[in-house]
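Engineer: Dropping a structure here in structure tokens format, bear with me for questions.
The values are calculated or read from the model by the stated rules, or taken from the named source; none is laboratory data. Being a predicted model, the structure only gives us computed values, none of them experimental. Every residue, glycine among them, receives a Cβ derived from its backbone with ideal geometry; neighbour counts consider all protein chains shown. Just so you know, the surface numbers come from the protein's heavy atoms only, side chains and all, with ligands and any DNA or RNA stripped out. Shrake-Rupley method; radii C 1.70, N 1.55, O 1.52, S 1.80 Å.
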Amino acid sequence: MDHAAFWWRHVSGPDRLLGDLAEAAFRHRVLLIEEPPFREEFGLQFRDRLLQRDSNLLNAEADGADVAGGIDAGEWLMRQCGRDMEYHPLDGSRAEVLAKRKWLAGRVFIIPDVQDRPEWVELAVEYARRSPADNGLLVLLYRGACPLASPRKGVAVFRRGDYFTAYDMQWFAAFCIPEKDSGAVRDYRAQVLARIAGGDPELCADLAREDVRSDPLESMEALAWRYPVLSDLAADRKRLELMLWEAQLQIVFPLVERLRRRFIDVYRAELSAVLREEDGVKDEFGNKLAEPEDMEIRHIWWYCFKKNKAALSESDRRVFHLIYISRNRLAHLKPVDHANVMELLMLDEYEPQRA
């Protein structure tokens, strides 16, 4: 299954949006929708939802993508339904005639990029106000800010942010990542992609095509020509670091904690001896450390491996140093370097060994 089909068929938020659109289509005459991702697949799924409710719409679809720039919106609609020769200006505005005479009945028109065609919004508002419930449906797609500043009778407005959640993006990102990449690397990659892509699944899919072990910053630079938002994000270093930190807090921090526990299990005898001999070992808040599990990474390093010189294998020393610096950076709201993250993620099954 391709990315577009998965997004509209198997992700919760988009599915809910399609359901609400289908309901609104039979209560309103105009739907004003923020540009949907994977628009071709959206059109197929949306029309299918409408047909499930009214099979008479089988031949009632038209795509306004070829609307000429200079043609009047009402004139274009009349030509599409074969009524342009029956219209006279004395009958009223084109929107009024289309509405009252129900010339669009049984039809669905999808008009893209109405933010650049204000005449379509003006016509749609009048059409919706005057049209009976059994008339045709106008679906206007817009980019950026909503063209309507306030509600209008017969017009239903839908925004992506009301439907596409962080969970949706993480679920979709996990689908986009190649199956050969698994485990903690896959989980971390999904977290990062979802955060960078925000509410744009098309951007998420493109980012996922990059090498899973590559630095996310490099992937952003490679796609900045197509997605200007990436250039803005790359320039906002604090925001980008916060995104990476949040993703690492979800995946890397628990891994660091698991590795800390494994070191405690392997070196329990040495740590217990330290706590017995170093009576009164306390943390920075003055709390006594009674059990090895109470010891943070810095306590283990200082009291066991540095002060009391417990033997560490070369491999354990490298891994312990890695979790030490990673834990320290995350605790200070700083992301871990990408190379260190990738090394850590490969240690999910690592078991310390005595020297």
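Engineer: Work out how much length THR165 to SER12 would gain on full extension: take 0.36 nm times their residue separation and subtract the Cα-Cα distance, in nm to one decimal. Spell out each step's value before the answer.
Structural biologist: On the way: separation 153, 0.36 × 153 = 55.08 nm, distance 0.89 nm.
Here the answer is 54.2 nm.
Engineer: Excluding residues on the same chain fewer than 8 positions from LYS334, give the aspartates and glutamates whose Cα lies under 18 Å from its Cα.
Structural biologist: ASP215, ASP236, GLU241, GLU246, GLU257, GLU343
Engineer: Now, a different point. With a 1.4 Å probe and all protein chains left in place, how much of the accessible area of region 137-271 comes from carbon and sulfur atoms, in whole percent?
Structural biologist: 52 percent
Engineer: With P(r) over Cα pairs in 20 Å bins from 0, in percent as the read-out, I listed (1) 27, 51, 19, 3; (2) 29, 53, 14, 4, 1, 0; (3) 24, 37, 23, 12, 3, 0; which label goes with the value calculated from this structure?
Structural biologist: Read-out taken from this structure: (3).
Engineer: Could I ask something else about it? Compute the FRET efficiency between PHE158 and ARG317 as 1/(1 + (r/R0)^6), taking r as their Cβ-Cβ distance and R0 = 41 Å, and round to the nearest 0.05.
Structural biologist: Calculated value: 0.15.
Engineer: What is the helix-to-structure angle for 12-24, meaning the angle in degrees between its Cα long axis and the longest Cα principal axis of the chain, kept from 0 to 90 and rounded to the nearest 10?
Structural biologist: That helix lies at roughly 20 degrees to the long axis.
Engineer: Measuring with a 1.4 Å probe in the full set of protein chains, what accessible area per residue, in whole Å², belongs to the chain? Can you show the working numbers first?
Structural biologist: Working: 17980 Å² over 355 residues.
I get 51 Å² per residue for this part.
Engineer: For LYS100 paired with ASP20, estimate the spin-label separation in nm (one decimal), with each label point 7 Å from Cα along the Cα-to-Cβ line.
Structural biologist: Spacing of the two 7 Å Cα→Cβ label points: 3.5 nm.
Engineer: While we're on this one: Computing the accessible area with a 1.4 Å probe over protein heavy atoms, can you report the carbon and sulfur percentage for region 1-50?
Structural biologist: Here it works out to 42 percent.
Engineer: Could you tell me how many degrees, from 0 to 90 and to the nearest 10, lie between the Cα long axis of helix 314-331 and the main elongation axis, the longest principal axis, of the Cα atoms of the chain?
Structural biologist: 50 degrees
Engineer: Using only helices, what value at 222 nm comes out for the chain when you add -39,500 (n - 2.57) per DSSP H run of length 4 or more and divide by the total residues, to the nearest 500 deg cm²/dmol?
Structural biologist: -15500 deg cm²/dmol
Engineer: For region 80-176, which trypsin sites (Lys or Arg not before Pro) are both in a DSSP coil and crowded by at most 14 other Cβ atoms within 10 Å?
Structural biologist: Sparse-neighbourhood loop trypsin sites (Lys or Arg not before Pro): LYS102, ARG143, LYS153, ARG159.
Engineer: Can you check how the C-alpha radius of gyration of region 95-175 compares to 2.2 N^0.38 Å, as a plain ratio?
Structural biologist: 1.33
Engineer: Using a 1.4 angstrom probe with every protein chain in place, what is the largest-first accessible-area order of GLU75, GLU314, GLU246, GLU179?
Structural biologist: Reading off the accessible areas and sorting them downward yields GLU179, GLU314, GLU246, GLU75.
Engineer: Looking only at chymotrypsin sites (Phe, Trp or Tyr not before Pro) in DSSP loops with at most 11 other Cβ atoms within 10 Å, what is the longest site-free stretch of the chain?
Structural biologist: Answer - 1-224.
Engineer: Once the piece of chain linking ASP215 and PHE285 is laid out straight, how much longer is it, given 0.36 nm per residue of separation minus the C-alpha distance between them?
Structural biologist: In short, 21.4 nm is gained.
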